[in-house]
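> Below are the structure tokens for one structure; questions will follow.
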Amino acid sequence: MPSAINGTNGSGPEDQVQRSNIKGGNVESQTRCLKPMVNSGSLDKFTNRDLTPIIGREFEGLQVRELLKADEQLIKDLAVTVSERGVVFLRDQDVTPQEMKTLCERITQAAGSPESSSLHVHPLTENGSELGDQISVISSEKQKKGGGLTHQLSDVSRFASAGWHADITFEPVPSDYAMLKIHTLPATGGDTLWASGYEIYDRLSPAMQSFLEGLTATHDAKFFLEEATRLGNPLRDGMRGSPLNHGSSLQATHPVIRTNPVTGWKSVFVNKGFTKRINGVTKDESDLLLQYLINLVTQNHDAQVRFKWNKNDLAIWDNRSNWHCATYDYEAARAGDRVCSLGEAPFLDLASMGRREALGL
Ligand SMILES: [Fe+2]
């Protein structure tokens with residue numbers, strides 16, 4: 001995998017074999033994580049528990065502010081833990097949006113993101129936004145005015161599962177990690193769900209896995225153009241955290257199955273929110289395949305974790321190999337801050353394994 005993705009050194013037979021294993025990716029946005037990272041266990045001293053066998057780990061007594069002062073090994077282990085467990089929850093954080101940005105930058109760097117990748121600027125972030133370009137304010141009040149995936153889908157579906165997505169997959173260089181802190185919340189409701197793309201890959205037959213490994217999909221967020229007009233904000237068409245993310249096409253092509261370089265595990269990488277078309281098959285086949293893959297995500301609650309927020313809880317997740325979905329079952333205000341870092345241009349390493357196979361499960 002390493003020289004194959006770097007692709008610049010060596011042209012011997014071994015290099016050619018490795019290169020032929022790689023699909024997708026972009027030479028201008030390659031991971032620097034050349035082999036799966038190993039967790040040293042430095043976070044084990046903090047109280048933690050796995051919320052389900054497949055996905056989610058919760059820590060208590062681990063403060064981001066302390067973590068930022070600690071040595072690099074803790075940050076590395078946090079990155080590996082997030083990538084392996086899909087999503088990590090840190091309860092009751094005394095942390096500013098600026099400190100969240102610093103943590104996100106350190107996690108993405110520890111995980112080997114390309115030099116050209118930084119924090120994402122969302123195309124709908126207002127110019128002069130009070131917390132800066134790289135913080136997205138997640139707010140029920142804003143959503144009532146017609147924001148994001150909810151609005152796009154509210155007129156066509158009454159399924160709560162319509163909102164399942166991975167963040168910003170319409171960008172050629174999408175997100176590796178994202179974090180969200182909720183500071184304002186209703187007395188009940190507003191849970192967020194995450195689901196594991198590793199597990200969904202593992203539930204496909206070997207024949208279906210290898211068929212999908214030959215395909216790409218088109219991800220598209222054109223609905224943001226309409227939304228920008230409706231909200232009266234100009235779309236951010238300059239560079240959005242990577243030289244490859246710019247303009248107003250809001251469209252990208254990615255492998256249907258991708259490898260997460262931090263774990264080395266394969267996952268399904270299409271989502272309900274942004275994936276419009278599987279390429280290289282007929283429209284009917286694409287519709288059928290997308291529906292099937294999305295059903296695997298939404299109907300397998302044993303591949304999901306549902307998190308009940310308390311004030312100032314922080315979630316950190318890996319967008320390469322997981323999806324998430326908000327729950328709009330409340331009236332009172334709910335708000336928080338989100339930071340999203342960019343990883344590598346998605347690639348598939350045909351020599352990589354599924355999670356269950358890699359763990360010997
Ligand atoms: Fe999201």
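> Of everything in the range 130-140, what is of a type outside the set (A, V, I, L, M) and either in contact (Cβ under 8 Å) with a residue 40 or more places away in the chain or under 19 Å from A221 (Cβ atoms) (or both)? Give them in sequence order.
Answer for the range 130-140, where residues must be of a type outside the set (A, V, I, L, M) and either in contact (Cβ under 8 Å) with a residue 40 or more places away in the chain or under 19 Å from A221 (Cβ atoms) (or both): D133, Q134, S136, S139, S140.
> Moving on. Would you confirm whether any residue within the range 213-224 is within 16 Å of the ligand (Cβ to nearest atom), at positive phi and in contact with a Ser or Thr (Cβ under 8 Å, 6 or more places away or on another chain)?
no
> Further question: So which of R320, R356, R306 is buried (at least 21 other Cβ atoms within 10 Å of the Cβ) and either small (G, A, S) or more than 13 Å from the ligand (Cβ to nearest atom) (or both)?
Testing whether each residue is buried (at least 21 other Cβ atoms within 10 Å of the Cβ) and either small (G, A, S) or more than 13 Å from the ligand (Cβ to nearest atom) (or both) leaves just R320.
> Which of the strands (runs of 3 or more DSSP E) found entirely inside the range 295-344 contain at least 2 residues meeting this: on the phi < 0 side of the Ramachandran plot and in contact with a helix residue (DSSP H, G or I) (Cβ under 8 Å, 6 or more places away or on another chain)?
Because the criterion is at least 2 residues that are on the phi < 0 side of the Ramachandran plot and in contact with a helix residue (DSSP H, G or I) (Cβ under 8 Å, 6 or more places away or on another chain), the strands (runs of 3 or more DSSP E) in the range 295-344 that meet it are 313-318, 322-326, 335-342.
> When you go through (1) more than 19 Å from G241 (Cα to Cα); (2) within 16 Å of the ligand (Cβ to nearest atom) one by one for N300, which number turns out not to apply?
(2)
> Residue by residue through the range 328-361, note down the ones that are in contact with a Ser or Thr (Cβ under 6 Å, 6 or more places away or on another chain) and over 18 Å from Q143 (Cα atoms).
Scanning the range 328-361 gives C340, S341, L342, G343, E344, A345, L348, D349, S352.
> Which of the residues belonging to the range 206-224 are among the aliphatic types (A, V, I, L, M) and part of a helix (DSSP H, G or I)?
A207, M208, L212
> Conditions: (1) within 20 Å of A207 (Cα to Cα); (2) surrounded by fewer than 23 Cβ atoms within 10 Å (Cβ to Cβ); (3) not acidic (D, E). A332 meets all but one. Number of the miss?
(1)
> Go through R236, R230, R203, R240 for me and flag whichever is more than 16 Å from the ligand (Cβ to nearest atom) and within 19 Å of S341 (Cα to Cα).
Sole residue among the options that is more than 16 Å from the ligand (Cβ to nearest atom) and within 19 Å of S341 (Cα to Cα): R236.
> Here's another thing I want to ask about it. Write out, first by first residue and then by second, each pair whose Cβ atoms fall under 7 Å of each other, whose residues are 6+ apart or on separate chains, and whose first residue, in the range 227-251, is farther than 15 Å from I168 by Cβ while the second is among the charged types (D, E, K, R).
L231/K145; N233/E126; P243/E28
> Among the residues of the range 235-249, are any part of a helix (DSSP H, G or I) and polar (S, T, N, Q)?
No, because not a single residue in the range 235-249 is part of a helix (DSSP H, G or I) and polar (S, T, N, Q).
> Now a separate question. What helices (runs of 4 or more DSSP H) lie completely within the range 88-181 and have 2 or more residues being crowded, with 19+ Cβ neighbours inside 10 Å, at pLDDT 95 or above and among the aliphatic types (A, V, I, L, M)?
Those helices (runs of 4 or more DSSP H) span 97-110.
> Restricting the first residue to the range 161-188 and requiring it to be on the phi > 0 side of the Ramachandran plot, which pairs with a second residue that is within 13 Å of the ligand (Cβ to nearest atom) and not in a loop (DSSP other than H, G, I, E, B) meet a Cβ separation below 9 Å and a spacing of at least six or different chains?
Filtered contacts from the range 161-188: I168/S175; I168/A178; I168/C340.
The values are calculated or read from the model by the stated rules, or taken from the named source; none is laboratory data. What you see is a predicted model; the values in this text were computed from it and never measured. Ideal geometry is used to build each Cβ from the backbone, glycine not excepted, and the neighbour counts take in all protein chains shown.
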